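Report on the following structure.
The values are calculated or read from the model by the stated rules, or taken from the named source; none is laboratory data. Because the structure is a prediction, the values reported are computed rather than measured. In this analysis, Cβ positions are derived from the backbone assuming ideal geometry, glycine residues included, and neighbour counts consider all displayed protein chains. Surface areas here come from the heavy atoms of the whole protein model, side chains and all, with no ligands, DNA or RNA. Shrake-Rupley method; radii C 1.70, N 1.55, O 1.52, S 1.80 Å.
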There are 2 protein chains.
Amino acid sequence: MGLTKTEGYTQAQIELATIAKVLGHPARVAIVQHLLEINACIGNDLMDVLPLSQPTISRHLAELKKVGIIQGTIEGSSMNYCINPHRWREIRQMLGGLLGKEPGEQCC
Amino acid sequence: MGLTKTEGYTQAQIELATIAKVLGHPARVAIVQHLLEINACIGNDLMDVLPLSQPTISRHLAELKKVGIIQGTIEGSSMNYCINPHRWREIRQMLGGLLGKEPGEQCC
DNA sequence: TCTAATTATTGCAATATTGCAATATCACAA
DNA sequence: TTGTGATATTGCAATATTGCAATAATTAGA
């Protein structure tokens with residue numbers, strides 16, 4: 001049904017999956033990398049960085065914003081998007097908590 | 001068109017997004033956590049762990065296997081799935097490389 | 001005011017994802 | 001050989017995602 005079940009999982013699992021899902025598109029990975037790199041950016045710069053149209057970029061930005069990875073403030077008639085540092089560390093904790101687990105020895 | 005463009009991104013960005021996407025579902029997060037926890041598992045155990053039917057679980061396992069996170073060996077008429085330790089560390093490196101970047105000071 | 005620049009939203013069309021029921025496969029045991 | 005248990009595959013149906021063109025909304029400047 002294209003609809004992900006949510007009952008039967010912990011809140012942490014759902015949050016983790018939600019974050020991972022948002023990072024699950026090369027355009028959004030590229031946006032995050034770019035923002036981390038230059039540490040601030042007006043949305044229009046992204047037109048030169050991504051192989052996508054302006055509306056599509058706007059959509060990806062909206063999704064990153066929805067989970068709090070980025071935040072934007074209005075700067076005249078343009079936008080200033082940047083990483084939300086607090087949220088970013090939170091996400092690092094969440095994903096790091098999973099990734100940090102050591103798998104046992106080769107078992108099969 | 002529901003189809004993600006791949007030209008215009010680096011191979012690393014695409015790989016990173018692919019991994020993140022696979023982890024972008026609570027069932028798959030739960031499977032990975034479970035496998036890391038018990039360090040081996042026959043697929044049928046998952047019926048008790050996940051709120052999903054057997055065919056659906058099988059599909060999620062196939063997706064985890066496709067990107068190499070898990071591997072399975074045949075054990076009689078059942079399967080032994082476990083984390084691929086080498087691949088897991090590789091993934092930790094990839095995602096860690098992104099997550100580890102420090103965002104600058106609050107800028108907007 | 002009129003226009004240009006910038007970003008967001010809407011409206012499609014195409015493809016992908018998720019889920020279950022039904023069925024197929026395969027190994028093992030009786 | 002027949003049946004049982006375990007897993008995979010197929011075949012839907014419903015929803016989600018991705019992308020662009022067109023358009024709206026907003027601000028700044030002439």
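Which of the three applies to chain A, rounded, prolate or oblate, going by the alpha-carbon gyration tensor with a ≥ b ≥ c and a/c under 1.5 meaning rounded?
Prolate, since a/c reaches 1.5 and a/b exceeds b/c.
Determine the distance separating the Cα centre of the stretch B:1-57 from the Cα centre of the stretch A:31-108; give it in Å without decimals.
21
Applying 1/(1 + (r/R0)^6) with R0 = 41 Å to the Cβ-Cβ distance of B:Lys101 and B:Asp48, what FRET efficiency is obtained, to the nearest 0.05?
E between B:Lys101 and B:Asp48, to the nearest 0.05, is 0.55.
List the longest stretch of chain B that has no exposed loop site; here a site is one of the GluC sites (Glu not before Pro) assigned by DSSP to anything other than H, G, I, E or B, with at most 16 other Cβ within 10 Å.
It runs B:8-104.
Can you tell me, using C-alpha contacts under 8 Å and at least 6 residues apart, the relative contact order of chain B as a whole percent?
Dividing the mean separation by the residue count of chain B yields 25 percent.
Calculate, for the protein assembly as shown, the solvent-accessible area per residue in square angstrom, rolling a 1.4 angstrom probe over the heavy atoms of the protein chains.
52
As a check on your grasp of the helix formula, calculate [θ] at 222 nm for chain B: sum -39500 (n - 2.57) over DSSP H runs of n ≥ 4, divide by the residue count, round to the nearest 500.
-16000 deg cm²/dmol
Run the quick spin-label model on A:Arg89 and B:Ile14: label points 7 Å from Cα toward the beta carbon, then report their separation in nm to one decimal.
Taking the two extended label points, one gets 3.6 nm.
Output, in nm with one decimal and in ascending order, the distances from the A:Val67 label point to the matching label points of the other copies (7 Å from Cα along Cα-to-Cβ).
Ordered by increasing distance: 1.1 nm.
Quick one: if the Förster radius is 22 Å, what FRET efficiency do B:Val67 and B:His34 give, using the C-beta to C-beta distance and rounding to 0.05?
0.80
With everything on Cα atoms, drop me the angle between helix B:11-22 and the longest principal axis of chain B, reported from 0 to 90° to the nearest 10.
Once rounded, the angle reads 50 degrees.
Helix B:26-38 against the longest principal axis of chain B: what's the angle in degrees, Cα atoms only, rounded to the nearest 10?
Once rounded, the angle reads 70 degrees.
Could you list the square roots of 5 times each eigenvalue of the Cα gyration tensor of the stretch A:1-57, that is, the equivalent ellipsoid semi-axes, sorted largest first and rounded to whole Å?
Equivalent ellipsoid of the stretch A:1-57: 30, 14, 8 Å, largest first.
Taking a ≥ b ≥ c as the square roots of the Cα gyration tensor eigenvalues, with a/c under 1.5 meaning rounded and otherwise prolate when a/b beats b/c, else oblate, which class fits the stretch B:45-107?
Taking the square roots of the gyration eigenvalues as a ≥ b ≥ c, the stretch B:45-107 is prolate.
Taking only the alpha-carbon atoms of the protein assembly as shown, what semi-axes of the equivalent ellipsoid follow from 5 times the gyration tensor eigenvalues under a square root, in whole Å, largest first?
Value: 34, 17, 16 Å, ordered largest first.
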